[in-house]
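What follows is a single structure, written as structure tokens, with notes after it.
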Amino acid sequence: MRDTQYTILPSSGAKGRNTQYRNGFTIAELLLALAITGLLLAAVAVAFNASITNYRENEDAFKTINSARQALFRITSQLRTAQKDLVDPNAPDNECSFFTAGGDDITYRYNSGDNKLYLIDNSSGSSYVLCNNVTAMTFTKDTAVEDATIYVKSVQISMTVSSGDVQRTVSAAVVIRRNLK
């Protein structure tokens, strides 16, 4: 009988003598990866939340300032064509009363109690809010005398609006065109 020598080859998963490794991650590695992923997701969530908050604040500020600009545009357009001697020179600084080119008797009045600018139709008594969030507003009237009559030549308007922590002042000046000769 012949002696046959057999060689035992290690299995494909074995890396060395008496040591076996399995493909995969250990629990510690998985926990570490999960912790890092959690931190990254938390950072992204905080950045996203800050972005949304900033967007809302900017949008509110834009709407407030845009509303103030539209109000100033309306006031200046109507004042430019107002009837010459029918702009009230004695109105207080928080309001401007006059007759428009169409003959409407109107008043723009700032109410500091509720921080609103109102447009009042004096003939019907109706009023509506023209602008919200107004924290200060003045109508400065420049007057002149002609034929013993005091009339308003021009009006300077300054309006301060706020939205949250943002406060902006918008201004306009109007020369009443019917006064030009």
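A short reminder: the numbers here are calculations on the coordinates, not readings from a lab. Just so it is clear, the model here is predicted, and its values are computed rather than measured. Virtual Cβ from ideal backbone geometry, glycine too; neighbours counted across all protein chains shown.
Here is how the numbers come out for the structure above:
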{"read-out": "Residue list for region 88-118, restricted to those being under 16 Å from Ser67 (Cβ atoms) and either in contact with a Phe, Trp or Tyr (Cβ under 6 Å, 6 or more places away or on another chain) or not in a strand (DSSP E or B) (or both)", "value": "Asp114, Asn115, Leu117"}
{"read-out": "Residue list for region 135-181, restricted to those being of a type in the set (Lys, Arg) and either more than 22 Å from Thr100 (Cα to Cα) or in contact with a Cys (Cβ under 8 Å, 6 or more places away or on another chain) (or both)", "value": "Lys141, Arg168"}
{"read-out": "Search result, residues across region 99-114 that are without any contact (Cβ under 8 Å) to a residue 24 or more places away in the chain, under 19 Å from Ser158 (Cα atoms) and surrounded by 17 or more Cβ atoms within 10 Å (Cβ to Cβ)", "value": "Arg109"}
{"read-out": "Selection from region 135-153 of residues that are touching a residue at least 24 places away in the same chain (Cβ under 8 Å) and either outside any strand (DSSP E or B) or polar (S, T, N, Q) (or both)", "value": "Thr135, Thr138, Thr140, Thr143, Thr149"}
{"read-out": "Residue, farthest from Thr100 (Cα to Cα), within region 119-134, restricted to residues that are in a loop (DSSP other than H, G, I, E, B) and touching a residue at least 24 places away in the same chain (Cβ under 8 Å)", "value": "Asn133"}
{"read-out": "Members of region 142-171 found to be closer than 29 Å to Ala61 by Cα, of a type outside the set (Ser, Thr, Tyr) and buried (at least 16 other Cβ atoms within 10 Å of the Cβ), listed by number", "value": "Val155, Ile157, Met159, Val161"}
